[in-house]
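Below is one structure, written out as structure tokens; comments come after it.
The values are calculated or read from the model by the stated rules, or taken from the named source; none is laboratory data. Note that the structure is predicted; figures quoted are calculated from it, not measured. Please note: Cβ atoms are built from the backbone with ideal geometry, for glycine as well, and neighbour counts cover all protein chains shown.
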Amino acid sequence: MPPLPDILTQLNDDMRSGGDWGDVASYIPELAHIDPAQFAIAVTMADGETFTAGDADTPFSVQSITKVFTLAIALGRSGDQLWRRVGREPSGRAFNSIVQLEQEEGRPRNPFINAGAIVTTDEILTGRAPRETLAEILQFIRAAAGDDDIHINHAVAASEKSHGHRNFALAHFLASCGNLNNAPEKTLGTYFHHCAIEMSARQLAMSGRFLIDTPKLPRLILPQRIRRLNALMLTCGHYDGSGDFAYRVGLPAKSGVGGGILAIVPGIASVAVWSPGLNRYGNSRKGTEAMAQLARTMNWSVF
Ligand code: GLU
């Protein structure tokens, strides 16, 4: 097998050599003008050594990938009590589905669809100001990445807020079912801001190291939670495209509508890919392709 840096260079060339880039997430106006024809990959090994190719130092909106970090914080704070408010099953529905939340009486299927992440955000917000909660989330991510230069893009947060009618609908419905502790505006304000955190592929790969599950790393969360987070990423990390991603890639991973994907190779590595054009499930099109090719070439799979 060629050395990993050569594999990544080849992957970057392959992704740029043609084919459909997909469409950027236009429902958040601030993301709508991003050029879809961009690609980055970063692989951080358990010892922290990082290899990259493409636009690996370009910051992008990590969006739903922050849901992994907010879930880690919420579980650390509330433990298994959290599962009273949100489930652990794949949704098989769009990430922002309203109909499923109504059918299931306000208990979201899992913490990675929007309704579920609004609940975990609400859980960590309880008893705190939004500013403190956002500082805690940023601090967790910066500690995980070993990098303080990670910030919120306030223009993206404002853009999502001004067009966030679906998320407002979900939050108000949760409130009507008694599954929101804070005012919908307060919880959503916090949610939009953590979704608007920006990282480069290099920073994102570094931030995923805490999920690799190897004794070599400083622990940010309990070891048994690392496995649980990985299990949820595998089963629910790509919305209604989770089964297809598990089939094609075979690794726990979480996507965001900014075009990023964070994937974990347990015991070995954390991988970040970014390409802003999305497929019909709202997952990065080239990012998914690249992850499938990398997993195949490296023979990386949990199966
Ligand atoms: N902030 C986005 C939303 O709530 C996150 C969705 C995503 O990244 O999949 O719609």
Residue satisfying condition, being hydroxyl-bearing (Ser, Thr, Tyr) and either in a loop (DSSP other than H, G, I, E, B) or within 12 Å of the ligand (Cβ to nearest atom) (or both), within set Tyr281, Tyr247:
Tyr281
Note down all Cβ pairs under 8 Å where the first residue falls in segment 74-93 and is in contact (Cβ under 8 Å) with a residue 24 or more places away in the chain and exposed (fewer than 13 other Cβ atoms within 10 Å of the Cβ), the second is outside any loop (DSSP other than H, G, I, E, B) and among the hydroxyl-bearing types (Ser, Thr, Tyr), and they're at least six residues apart or on different chains.
Glu89/Thr235
Looking at segment 66-73, is at least one residue touching a Lys or Arg at 6+ places or on another chain (Cβ under 6 Å) and at pLDDT 95 or above?
yes
Is there a residue in segment 99-112 that is modelled with pLDDT of 95 or more, under 17 Å from the mean Cα position of the chain (by Cα), under 20 Å from Glu136 (Cα atoms) and in a loop (DSSP other than H, G, I, E, B)?
yes
Out of curiosity, is His172 farther than 15 Å from Ile28 by Cα and in a helix (DSSP H, G or I)?
yes
Selection count where residues are at positive phi and surrounded by fewer than 18 Cβ atoms within 10 Å (Cβ to Cβ), scope segment 19-40:
1
Return the total of residues in segment 129-157 being without any contact (Cβ under 8 Å) to a residue 60 or more places away in the chain and either exposed (fewer than 14 other Cβ atoms within 10 Å of the Cβ) or touching a Cys at 6+ places or on another chain (Cβ under 8 Å) (or both).
10
Please count how many residues of segment 175-203 are within 30 Å of Ala269 (Cβ to Cβ) and not in a helix (DSSP H, G or I).
5
Find all pairs meeting these conditions: Cβ atoms under 7 angstrom apart; at least six residues apart or on different chains; first residue within segment 218-239 and touching a residue at least 24 places away in the same chain (Cβ under 8 Å) and under 16 Å from Glu89 (Cβ atoms); second residue among the small types (Gly, Ala, Ser) and part of a helix (DSSP H, G or I).
Leu229/Ala72; Leu234/Ala246; Thr235/Ser242; Cys236/Ser242
Could you tell me whether Thr214 is more than 21 Å from Ala145 (Cβ to Cβ), touching a residue at least 60 places away in the same chain (Cβ under 8 Å) and either outside any helix (DSSP H, G or I) or not aromatic (Phe, Trp, Tyr) (or both)?
no
Given the conditions (1) more than 25 Å from Ser207 (Cβ to Cβ); (2) not in a helix (DSSP H, G or I), which single one is not true for Gln38?
(1)
Considering residues that are under 14 Å from the mean Cα position of the chain (by Cα), within 12 Å of Val302 (Cβ to Cβ) and in a strand (DSSP E or B), the number found within segment 250-275 is 3
Assess whether Gln100 counts as being without any contact (Cβ under 8 Å) to a residue 24 or more places away in the chain, within 16 Å of the ligand (Cβ to nearest atom) and under 22 Å from Asn167 (Cβ atoms).
yes
Select from segment 213-244 the residues that are hydrophobic (A, V, I, L, M, F, W, C) and within 16 Å of the ligand (Cβ to nearest atom) and write down the one among them that is surrounded by the fewest Cβ atoms within 10 Å (Cβ to Cβ).
Leu232
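Table: residues versus (1) at pLDDT 95 or above; (2) hydroxyl-bearing (Ser, Thr, Tyr).
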{"site": "Leu11", "(1), (2)": "yes, no"}
{"site": "Met15", "(1), (2)": "yes, no"}
{"site": "Gly19", "(1), (2)": "no, no"}
{"site": "Tyr27", "(1), (2)": "no, yes"}
{"site": "Gln38", "(1), (2)": "yes, no"}
{"site": "Ala42", "(1), (2)": "yes, no"}
{"site": "Asp47", "(1), (2)": "no, no"}
{"site": "Ala56", "(1), (2)": "yes, no"}
{"site": "Phe60", "(1), (2)": "yes, no"}
Return the only residue of Asp80, Asp148 being in contact with a helix residue (DSSP H, G or I) (Cβ under 8 Å, 6 or more places away or on another chain) and over 21 Å from Pro184 (Cα atoms).
Asp148
